[in-house]
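Following: one structure in structure tokens, then a few remarks.
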Amino acid sequence: KLNKISIAIDGPAGAGKSTVAKIVAEKMSYIYVDTGAMYRALTYKALAENVNIQNDQELADLLSHTNIQLSPSEKRQLVIVDGIDVTDVIREDKVTNTVSTVAAHRLVREKMVKQQKALGQAGGVVMDGRDIGTEVLPNAELKVFLVASVEVRAERRHLENIQKGYSSDLEKLKKEISLRDQQDSEREFSPLRKADDAIEIDTSSLSITEVADRIYQLANERMEK
Ligand code: CDP
Ligand code: CDP
């Protein structure tokens, strides 16, 4: 019986990765690593420091001088960049609509993947992103690929915005999500892709609890092997 396994969760924007990854990690007392937050953190810093987001080398140099920490707190995971809490600002539109450009660069990905592999080294980790099952944790005992229609995913984000009291435009969200899906799937270096050994779950008509329970059940099956 394996003690601690690694769980990779990939899929497009709004499929429910981070929400269920957090629940599964908590249930199993594993660490949760939100790799999207790392790309968002770098994007935030590049925008703040006027670094050319088309220039891979400049971004990679910036990343070398940036300390990104994911620190679990009571309610949610905090994202700390060079000692400053950026948890909320990295979710703003400006970052969301730029992050896929930053994340497409080869050197940026090499450095990020290296850091993420180190975080997952000891096992006992639930990691979510786009290339976790294919690049970051290719030996993960459990790989899950979450999908849902663009309509459902945009609706979810829309609802989330409204609940937070933000203004929200459903049609605009659909376009932004589709564009990001396209950029993430069509890039040259570690594109968004289901690993051959990943289990696909369509979350379109499933609740958060149903998805989390399913993954938890799969994880327990893997541990008994
Ligand atoms: O939560 P949401 O689905 O909106 O996105 P995220 O997980 O925060 O990721 C933001 C962006 O980072 C994605 O659209 C990708 O461009 C990039 N990303 C990536 O390239 N590789 C990862 N492992 C995770 C995120
Ligand atoms: O991390 P990712 O971008 O894949 O998605 P998320 O941020 O975890 O989920 C996007 C939104 O969908 C959140 O508001 C979740 O509460 C919601 N959600 C849902 O309604 N039903 C699910 N089965 C999963 C997520």
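Tabulated values for the structure
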item: Candidates ASP61, ASP128, ASP213, ranked by Gaussian network fluctuation over the chain, Cα under 10 Å, top entry; result: ASP61
item: Order of LYS94, LYS111 under a 10 Å beta carbon neighbour criterion, fewest first; result: LYS94, LYS111
item: When each of LYS4/LYS143; LYS17/LYS172; LYS114/LYS225; LYS94/LYS164; LYS4/LYS164; LYS94/LYS117 is checked by Cα-Cα distance, pairs over 25 Å; result: LYS114/LYS225; LYS4/LYS164; LYS94/LYS117
item: Span-rule helices in the chain, defined as complete DSSP H runs reaching 15 Å or more along the axis (Cα) with Kyte mean at least -0.5; result: 17-28, 35-48
item: Solution diffusion estimate, µm²/s, Stokes-Einstein, the stretch 6-219, Kirkwood Rh from C-alpha pairs, 20 °C, viscosity 1.002 mPa s; result: 123 µm²/s
item: Loop chymotrypsin sites (Phe, Trp or Tyr not before Pro), the stretch 136-192, which have at most 16 other Cβ atoms in a 10 Å radius of their Cβ (DSSP); result: TYR166, PHE189
item: Gap separating the Cα centres of the stretch 130-171 and the stretch 4-60, nearest whole Å; result: 12 Å
item: Loop trypsin sites (Lys or Arg not before Pro), the stretch 123-183, which have at most 14 other Cβ atoms in a 10 Å radius of their Cβ (DSSP); result: LYS164
item: Neighbour cut-off at most 11 other Cβ (10 Å), DSSP loop, GluC sites (Glu not before Pro), the stretch 29-120; result: GLU49, GLU74
item: 20 Å reach of a label modelled at GLU26, 7 Å along Cα-to-Cβ, counting backbone N of the stretch 103-145; result: 124-129
item: GNM result for the chain, Cα springs below 10 Å: residue of ILE162, ILE53, ILE80 fluctuating most strongly; result: ILE162
item: Helical contribution to [θ] at 222 nm, DSSP H n ≥ 4, -39,500 (n - 2.57), averaged over the chain, rounded to 500; result: -14500 deg cm²/dmol
item: Leading residue at positive end of dipole, the chain (Cβ point charges), from LEU42, ILE84, PRO12; result: ILE84
item: GNM top mover of ALA118, ALA154, ALA60 - the chain, alpha-carbon springs below 10 Å; result: ALA118
item: DSSP beta bridges in the chain [antiparallel fraction, %, rounded to 5]; result: 30 percent
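Any read-out appearing in this document is the output of simple, stated calculations on the displayed coordinates, not a laboratory observation. Just so you know, these numbers come straight off a predicted model, no measurement behind them. Quick reminder, even Gly has a Cβ in these numbers, built from the backbone with ideal geometry, and neighbours come from all protein chains shown.
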